[in-house]
1. Just to confirm the number: angle between the C-alpha axis of helix A:309-318 and the first principal axis of chain A, 0 to 90 degrees, nearest 10?
2. Neighbouring Cβ atoms within 10 Å as the yardstick, rank A:195, A:223, A:286 fewest first.
3. Over all alpha-carbon pairs in the range A:195-322, figure out the percentage whose distance exceeds 27 Å.
4. Calculate how steeply helix B:330-350 sits against the longest principal axis of the alpha-carbon atoms of chain B, using the helix alpha-carbon long axis, and give the answer as 0 to 90 degrees to the nearest 10.
5. Please tell me the relative contact order of the range B:321-518 in percent, rounded to the nearest whole number, where contacts are Cα pairs under 8 Å and at least six residues apart.
6. Taking the alpha-carbon centroid of each part, what is the distance from the range B:463-483 to the range B:323-343 in angstrom?
7. Given axes a ≥ b ≥ c from the Cα gyration tensor, I'd like to know whether the range A:62-147 is rounded (a/c under 1.5), prolate (a/b larger than b/c) or oblate.
8. Using a 10 Å cut-off around each Cβ, can you sort A:247, B:161 from fewest to most neighbouring Cβ atoms?
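Since every read-out is calculated from the coordinates, none of them should be taken as a lab result. Just so it is clear, the structure is predicted and the values come from calculations on it, not from any experiment. Here the Cβ positions follow ideal geometry from the backbone for every residue, glycine too, while neighbour counts run over all protein chains shown.
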């Protein structure tokens with residue numbers, strides 16, 4: 001079916017009838033209503049998120065070092081114990097900003113997977129800028145996390161361009177309502193954030209199989225750079241991933257969150273971070289609105305959204321998903 | 001109470017508070033304004049007359065004086081009336097046909113009396129509809145009364161000359177109104193001659209006479225044509241120790257008494273300061289039999305009174321003046337109104353961000369930028385802004401290589417920005433372009449942070465995204481510039497700062513807006529008409 005006369009915009013009532021969740025409604029009716037302001041540091045600061053994961057037995061990348069003072073920056077090589085493969089990220093960073101992935105050492109320089117070279121001075125500078133708060137929300141003084149580099153699961157390789165795809169699960173009242181796998185593109189420069197131009201494929205809640213797709217708010221079926229079909233891919237360790245997402249959501253005590261995973265070749269899904277303001281493009285990837293699912297969860301009694309009974313809801317939630 | 005009903009309550013509360021305060025201020029200002037416009041006058045009648053005994057009954061004769069008092073008109077109101085009349089009996093009577101209010105002073109004892117009356121009048125430029133011309137129905141008797149010939153008062157409607165003139169007038173005019181106009185025009189052709197003798201007949205024959213006779217001529221002509229007409233005697237308000245009553249004409253047309261001033265030429269509408277005293281064909285003071293008003297026995301004077309105390313009250317020191325911002329020295333007005341306009345800038349920002357869905361660099365940066373452009377003159381402001389941004393961005397790009405910590409790096413950009421502004425002003429001055437020194441007040445800290453944010457956004461999210469934010473920022477700034485630069489709005493908000501209660505209500509309303517943003521109508525369009533994926 002080809003439709004050459006695509007409309008440039010649609011009417012609000014059409015979106016309403018389709019159950020599309022808009023930003024204003026997300027902020028007012030879901031984030032503000034379900035996420036307590038005092039709990040935000042649990043997701044905004046990745047060191048706290050990681051501590052919570054540790055305490056609840058949720059797999060996360062190993063932390064090599066947390067650099068909190070400028071004095072620690074010089075001792076950086078000692079702190080990482082001469083590791084040559086690691087990731088530096090700001091503890092309070094957003095949208096993948098300020099993350100450097102080092103894959104190996106080349107001479108005295110460090111090299112990213114894409115071959116970009118960083119001298120020790122470059123890394124010192126980067127660590128300092130992280131500490132000064134350049135990447136943190138609101139520009140506050142931050143700390144830098146140096147952690148284990150995740151080795152991409154081979155299943156993902158086919159659709160990964162210049163970066164690691166991650167899996168986002170959106171949970172409402174601790175129940176997964178939608179999931180997608182976010183795919184870096186050339187436009188997003190290896191980062192998996194949709195507003196930076198990354199693509200995404202929807203993930204079926206029950207089967208863990210990809211379908212649909214979105215890039216730059218448009219529906220896609222193939223990877224924008226490689227042309228590979230992005231549907232039909234099975235996320236490895238899907239049940240463990242969902243179980244970890246629910247466990248983390250329980251521990252965070254926040255009602256509306258997105259949890260981001262990467263799937264490691266050896267250890268399986270590990271939590272990268274949680275997000276209190278997950279984006280809405282996931283709806284385009286699914287070709288369906290979030291509202292009916294959220295309303296359904298809201299209509300359920302408290303007991304139905306606790307513990308293992310949540311698994312029974314997933315087929316109902318996934319509904320007609322391909 | 002949940003947040004939604006609390007918000008709704010707050011919206012209603014703020015709107016009501018704003019409306020009440022706005023109403024109070026509007027009323028107070030209006031009262032002061034009215035008090036300033038109105039003027040108070042005192043009209044004084046000083047009358048000397050001699051009461052004599054009538055020849056027929058020397059012992060019990062009554063001497064009486066009938067004195068007409070001023071009417072209320074839409075513009076002149078009689079506030080008070082005060083009679084000094086030692087030894088005289090006072091009686092008030094409103095004449096049935098004309099509505100003239102008469103005061104009748106009478107005595108049975110012969111002698112010389114000097115009664116006095118003081119009227120306080122308020123003259124106002126606003127019309128009070130209560131005293132406006134009313135639709136009337138003339139009874140058959142009234143009609144006959146206002147059509148009658150009156151030899152005593154020199155209204156000779158039956159005179160041959162008058163009849164002839166009326167015939168000529170009636171032939172030329174078809175409608176009643178044309179007849180009235182023709183009569184008026186004919187009277188206005190009569191040249192003023194204070195020495196002219198005789199009456200209406202002579203005036204028509206010689207085409208010159210006194211203004212009083214001119215008015216009588218008009219009444220005579222109208223009555224002869226079968227149109228009810230009457231003389232009105234009254235005053236024109238102005239400071240004088242010897243006010244001469246003037247006489248004009250009222251013609252009954254279309255169920256209304258329509259005034260014509262044959263002395264000055266006004267027709268249909270008289271100046272605001274005309275106050276009628278006696279309607280009907282007579283002077284203001286009519287002595288009855290047995291009463292002799294000696295020559296110059298009546299003297300009218302009008303003087304202006306000090307203004308209403310309300311006007312001067314506004315000048316007194318009172319804590320409530322804190323809420324009157326117009327009281328501030330004029331040089332402060334620009335800054336104050338600009339400050340008061342800033343919430344409107346924030347309102348625009350909120351609408352653009354939450355309802356339209358356009359993103360900008362910083363939340364209030366565009367509004368503040370717009371504000372500084374208004375305060376400086378726009379040309380200098382824009383030129384310096386462009387120089388600062390160019391130099392700042394180049395400097396920031398170069399600074400990246402030095403790898404400095406954030407605060408020192410920002411400080412360098414700030415220094416650069418300041419140097420740019422200062423030397424741009426100096427350069428403009430050197431070139432004789434006389435820049436406004438206010439351009440120096442560009443929000444330099446905001447510019448510094450904008451430069452840093454732009455640079456970081458280009459690095460992190462790509463040039464396209466940074467340009468998108470730039471366009472959004474410029475759009476909001478331009479809108480803010482248009483609204484904040486509106487001088488009438490600025491002056492208005494300085495007068496009525498209470499309007500910001502409405503602004504707060506609008507903010508609450510916007511803050512509870514859960515509908516789609518305009519950009520989402522585009523963003524989610526694929527979900528409504530799925531069709532094939534783009535690739």
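1. Value to nearest ten degrees: 70.
2. On the way: A:195 14, A:223 21, A:286 26.
So the residues, fewest neighbours to most, are A:195, A:223, A:286.
3. Details: 1411 of 8128 pairs.
Of the Cα pairs, 17 percent sit more than 27 Å apart.
4. The two axes meet at around 60 degrees.
5. On the way: 203 pairs, mean separation 81.9, N = 198.
About 41 percent, as a whole number.
6. Between the Cα centres of the range B:463-483 and the range B:323-343 lies a distance of 28 Å.
7. Numbers: a/c = 1.81, a/b = 1.44, b/c = 1.25.
Prolate, because a/c is 1.5 or more and a/b exceeds b/c.
8. Working: A:247 18, B:161 13.
Arranged by neighbour count, lowest to highest, A:247, B:161 become B:161, A:247.
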